[in-house]
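The values are calculated or read from the model by the stated rules, or taken from the named source; none is laboratory data. For clarity, every value in this text was computed on a predicted model and none was experimentally measured. Cβ coordinates were reconstructed from backbone atoms using ideal geometry, including for glycine residues, and neighbour counts include every protein chain displayed.
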Amino acid sequence: MNLNLTSIKSVATLLLLVIFSLAAFSIGAQQPTNAGSEERDRGIRLYEQGDAIGAIDALRVAVKQNTEDGKAWHYLGLAFQLHQDKDEARKAFEKAARIRVRELATISSMPSGGENRMDTAARYEAAFESVQKYVDLTPNTPRDWITELETLRFYQGYYSGARNDEEIVSGKEATTKVRILKKPAPEFGGGRASGTAVLRAVFGADGS
């Protein structure tokens, strides 16, 4: 096969264009996720500097790019609160609370010590903060949210070591088995919904 110098240069140029195009496509495909976290971090910095409007704008972009970013939703609530917009703050805190509580379902009920335990404590603390903010801004808060708040407070205190006088054991480890005396029907706040619920309970020695 005979190729003159001009043909070789043309082929080389074409190959370079293809390589650059693929590289640009790869970079472009990765931008949304990175941009979301970058906007969240920028929004947090602006909030900490007292710039409510700038923080709201940045965090709105962040939650639009990643609707399941509980941290971004929480700081969006804080930014709205700083801006004296309680209604929008309440909505953002509710979104953050639901996401963070839902994520707790992936945690082992009794993680081992060390970093796992501290990470678990931090995640319960984050969920507690979002639920607490939502409850504080919600008149006539539904009972299920109050119960959720109490549960999160217990677990956060347990995993952070604040409740050293207590120990949680599994059903297999318990010396006396729990006997359920009654099962009242659950009460749900808000509209009707369907799906799978995860129930986690800790029973005290006195049956509470």
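At a glance:
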item: Residue in segment 155-173 that is modelled with pLDDT of 90 or more and hydroxyl-bearing (Ser, Thr, Tyr) present; result: no
item: Count - residues of segment 137-163 that are outside any helix (DSSP H, G or I) and not charged (D, E, K, R); result: 8
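One line per residue, one yes/no per condition, for (1) touching a Phe, Trp or Tyr at 6+ places or on another chain (Cβ under 6 Å); (2) modelled with pLDDT of 95 or more:
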site	(1), (2)
Asp69	no, yes
Ala79	yes, yes
Asp87	no, yes
Phe93	yes, yes
Ala96	yes, yes
Ile99	no, yes
Ser108	no, no
